[in-house]
Amino acid sequence: MTDQPTRSAGQLVDELTSDTAQLVRAEVRRGQQEMIAKAKEASKGAALLGGATALGALAAGTSAAFVVRTLGKVVPAPSAAFLATLLYGGGAAALAAAGVAELKRVGSLLPEETLASVREDVRAARPGAEAGTTA
């Protein structure tokens, strides 16, 4: 026999509720930690995209006037403006490509391990899970 005293249905429900709440809290904490780790990894790609944005703004902004004027001393003004646009735009494109590659390397920001664990918990909690049947 067992050494445990007989527990009432109410006590069993209370224990089940408590255990479920602890499991949910643990899974939420795990998901938070996983998302923080992924966000830290993704920050490099986001920073690269931010740099691409800044260079793209330079390509269209009036701060490029210096380059245009300098090139205008060597080539006609329209050609100087075109060359300056190509320089800034090329730099922006290179940074954008590097940023996108970095974000693809990191992958999804969803807490995939936690989601898989929760799916497994739900699968195990289903009626008939021990018998290997699914509803």
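Within region 18-26, none of the residues are more than 18 Å from PRO111 (Cβ to Cβ), in contact (Cβ under 8 Å) with a residue 12 or more places away in the chain, of a type outside the set (S, T, N, Q) and assigned to a helix (DSSP H, G or I).
Consider region 32-58 and keep the residues that are of a type in the set (S, T, N, Q) and closer than 23 Å to VAL118 by Cα. The one that is most open to solvent (accessible area, probe 1.4 Å) is GLN33. Looking only at residues in region 87-127 that are of a type in the set (Asp, Glu) and farther than 30 Å from ALA64 by Cα, the one that is modelled with the highest pLDDT is GLU120.
Before we move on, is LEU49 assigned to a helix (DSSP H, G or I) and touching a Gly at 6+ places or on another chain (Cβ under 8 Å)? Answer is yes for this residue.
The values are calculated or read from the model by the stated rules, or taken from the named source; none is laboratory data. The structure presented is a predicted model; accordingly, all values stated were derived computationally and were not measured. With ideal geometry, Cβ positions are generated from the backbone for all residues, glycine too; neighbour counts draw on all protein chains shown. The accessibility values were calculated without ligands, DNA or RNA, using every heavy atom of the protein model including side chains. Shrake-Rupley method; radii C 1.70, N 1.55, O 1.52, S 1.80 Å.
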